[in-house]
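Data block below; observations after.
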Amino acid sequence: MGRINDYFIRHVWAPIVLGVIVASAVTWVLFGGNPVATVVRACLYSAAGVGFMLSRRRKEQRAAGGSMDRLVRVEQRLRAGETPSDPDDRRIMREIVERRLHQTRHRVPALVFLALLFAAVTVLTGLTASPWRTVGLAVFGVVFLGWMIWNSNRQTHRLRTMRDALRGGDPAPAAGPADNPPVHPAA
């Protein structure tokens, strides 16, 4: 699994293509129709997600010093829970962890909105389509939302654990005048 993750980090096009294929297959199975038109629709719907993903990847690569190899190493350490010992690697890891935690600050409302959206689509499909499509969409929604919630909790826990490890492992600052007040002889 590690090799697959590394490949997806290095080659950002691979998860995009895989996502379009899976989205096309699910859409075609649920709604039928022309397979070519389904793939074209899935590609068009995925355009915004692709743009967002590419923008985010560029920012993370820039934070890692512009090196894809360094970003891959940071990602591997993050997945393994290894705190880097090199100060520069710690700074990069801290910046990426803080960036990702900041990006996930609205994850609970987003998951609630996604659940409501799936429920509304399922109800509307039930009113306008056949029962097997409604059941298929409901099962897909429950499985997808379950996976999204589980994965979101796992990633957030991993990021918070790494943030705490990076904060806890910082060397203590040198004692300054505020830490050691001058001692005055008793008069």
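Coordinate-derived values only; no laboratory data. Computed from a predicted structure; not experimentally measured. Note that we place each Cβ from the backbone using ideal geometry, even for glycine, and neighbour counts take in every protein chain shown.
Computed from Cα atoms, the angle from the helix 107-128 axis to the main principal axis of the chain rounds to 0 degrees. Its Cα centre serving as origin, the chain has a Cβ charge dipole (Lys and Arg +1, Asp and Glu -1) of approximately 340 debye.
Hull surface divided by four, with the convex hull built on the Cα atoms of the stretch 40-100: how many nm²? Across all orientations, the stretch 40-100 yields a mean hull projection of 4.8 nm². So what is the 222 nm mean residue ellipticity for the chain from helices alone, if each DSSP H run of at least 4 adds -39500 (n - 2.57) and you divide by all residues, rounding to the nearest 500 deg cm²/dmol? Mean residue ellipticity, 222 nm, calculated: -27500 deg cm²/dmol. Springs between Cα atoms under 10 Å define the GNM used for the chain, and in it the highest mean-square fluctuation of THR38, THR156, THR128 occurs at THR128.
Scaled to the globular estimate 2.2 N^0.38 Å, the Cα spread of the chain, given as radius of gyration, is 1.46.
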